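The values are calculated or read from the model by the stated rules, or taken from the named source; none is laboratory data. The shown structure was predicted, so the numbers you read here are calculated from the model rather than taken from an experiment. When we count neighbours, we look across all protein chains shown, and the Cβ atoms used for this are built from the backbone with ideal geometry, even at glycine. In case anyone asks, the SASA skips ligands and DNA or RNA and just uses the protein heavy atoms, side chains included. Shrake-Rupley method; radii C 1.70, N 1.55, O 1.52, S 1.80 Å.
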Amino acid sequence: MNFALLITFLLLISSIFCKDHFSLWTEEHNKQYKSDQEYEYRRQVFYQNFQKIKELNDNPNDHAVYSVNHFSDLTQEEFHSTKRMHHPKPNVDELRIEKEWKSSQEMSAPENFDWRDKNVVTPIKDQGDCGSCWAFSAVQTIESNFAIHYNKLLPLSTEEVIECSCGLDTKKNECNSCGCLGGWPYLAYEDIKNWGGLAAELAYPYSVPPFGDSYPCVVNTTGKTICAPTTYCNRTCDKKKKTHYAPISDWTFVAKNEDDMVNALYQYGPLSACLQSSGWMEWYHSGIANPLMCWGHSLDDIDHCILIVGYGVEGSKKYWILKNSWGTKWGQNGYGKLIRGKNKCSIDLLVTYTTLKTD
Ligand SMILES: *[C@@H]1O[C@H](CO)[C@@H](O)[C@H](O)[C@H]1NC(C)=O
Ligand SMILES: *[C@@H]1O[C@H](CO)[C@@H](O)[C@H](O)[C@H]1NC(C)=O
C-alpha cells in the first residue's frame, strides 16, 4: 500500500471513529440546524440530557433502560411546553362519587393479559407538537371499545376532540378542554357522548404540525374558559356533515386501586389513564420502569395521559403495558411498561373506561 493511500485510509477511519455521539445522532434522526450556533446549542442540550439519562440508568431500583431518542435535543422546558399538559387540575372528587366502579370480590382476572393479542388496539399515534395526550387517550379508549364489540379497528378523529370539545365543568359552567394546551379525558367523553360518537380519522384528520399546518382554536362556548388565550390558531370545529361512529352511552371512573384497574381492564377493555411523565418518560426505552422521581401521589403531579392495554408479571415484578402517543420511535415501537402495585407515577388517580351505546 503506498503512503498516500494509507493516509487516506487512516483519515477515513478517523473520520468514522471521531464522530461524537451527537453527530451520529443527528444523522440517525435526520436533524438539521439553521446555524452553527444552533448546532452547538443543541449539542450542549443533548449532552445535558445524556447526563440525566445516565442518572436514570444508574438507579439500582429501576431496571428499565433509558436512552437518547428523537427528542434528545430538546430541553425539558421545550419538551414540557410542546408535549405535556400544563393545565389546571380538575376537581374530580365529587364526580367520582357518582361515577365510580369497583370490582366485586369474586372477580378473578388472569395473571397476564394484553388486549393487543385480541387485535383490538389501533396503530401507535403521534401527538406532534401539541399537548393533546388527553384527547388521544379518550379517543383510543373508544376505538378499542368499538373494536371489542364490533371486531373492527377503526381509527377515530382526535382532531375533532381538540377542535370541538369544550370540556364543560357543569358546576362552574366553564370550558376545561384547551386543545393543544391540555384537557381531561373524562370531560371529553361528555362531549363525545353528546355528538353521538366520533368522526373517522380519515374524514377529520390530525392537522397539527408536522402532520398538517394548522393549530386548533380553543372552544369557548360558555363565555368562560380556564384555557390560556391561544397565541395563534386557525382551525375551528367543523364536524357537521361528518358521519359519527362508536356512540357512547356513558363513561366510568375506576376506583383508585390497581387491583380494581386489573379487573376493569380485563372486563371492559383498554383503560384511559393519566400519570406523571416528567423526568423519566421522555427518555424511556425498554423494560419495566420504576422511576425514582415519581414519589408523589397527587393529581398535581399528573402531566400526561395514555392508554393502558394490558398487564403482566415478569419474575417478581408486576407491570402495566402503556400505549403512548409519541410515535413509534418512542419506547418499544410506541409502547412501554410501568411497574404495577405501587401506585407509581399516580397511575391510579384518573382511570376511566367508556360504555358503547348498543341498539
Ligand atoms: C393555517 O395557517 C398556516 C400557516 O399560515 C397555513 O399554511 C394554513 O393553510 C392555515 N390553515 C387553515 C385551515 O387555515
Ligand atoms: C371566552 O369568552 C369570553 C366571552 O366571550 C371572553 O371574554 C374570554 O376572553 C374568552 N376567553 C378566551 C381564552 O378566549
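Assorted remarks:
- Selection from the stretch 252-282 of residues that are assigned to a strand (DSSP E or B) and open to solvent by 10 Å² or more (accessible area, probe 1.4 Å): Thr252
- For the stretch 121-135, a residue qualifies if it is open to solvent by 10 Å² or more (accessible area, probe 1.4 Å) and modelled with pLDDT of 95 or more, and the qualifying residues are Val121, Pro123, Ile124, Lys125, Asp126.
- Of all residues in the stretch 200-223, those that are more than 14 Å from Gly179 (Cβ to Cβ) have Cβ atoms under 8 Å from Cβ atoms of residues that are within 16 Å of ligand 2 (Cβ to nearest atom) and in a loop (DSSP other than H, G, I, E, B), 6 or more apart or on another chain, in Thr222/Cys166; Thr222/Asn173.
- Elements of type strands (runs of 3 or more DSSP E) contained in the stretch 308-359, each with 3 or more residues being among the β-branched types (Val, Ile, Thr): 352-356
- With respect to (1) at pLDDT 95 or above; (2) buried (at least 24 other Cβ atoms within 10 Å of the Cβ), the lone exception for Glu314 is condition (2).
- Which listed residue, of Leu338, Leu292, is open to solvent by 50 Å² or more (accessible area, probe 1.4 Å), hydrophobic (A, V, I, L, M, F, W, C) and touching a residue at least 24 places away in the same chain (Cβ under 8 Å): Leu292
- Neighbours by Cβ (under 7 Å, 6+ apart or cross-chain): first from the stretch 297-324, in the same structural domain as Asn145 (by TED's automatic domain parsing) and closer than 23 Å to Val139 by Cα; second open to solvent by 50 Å² or more (accessible area, probe 1.4 Å) and at pLDDT below 95: Leu299/Lys89
- In the stretch 195-218, the residue that is nearest to ligand 1 (Cβ to nearest atom) out of those that are more than 22 Å from the chain's Cα centre (by Cα) and assigned to a loop (DSSP other than H, G, I, E, B) is Ala203.
- Among residues of the stretch 71-97, those that are in the same structural domain as Lys171 (by TED's automatic domain parsing) and touching a strand residue (DSSP E or B) at 6+ places or on another chain (Cβ under 9 Å), counted: 8
- Scan of the stretch 224-266 for residues that are within 16 Å of ligand 2 (Cβ to nearest atom) and touching a residue at least 60 places away in the same chain (Cβ under 8 Å), ordered by number: Ile226, Arg235, Thr236, Cys237
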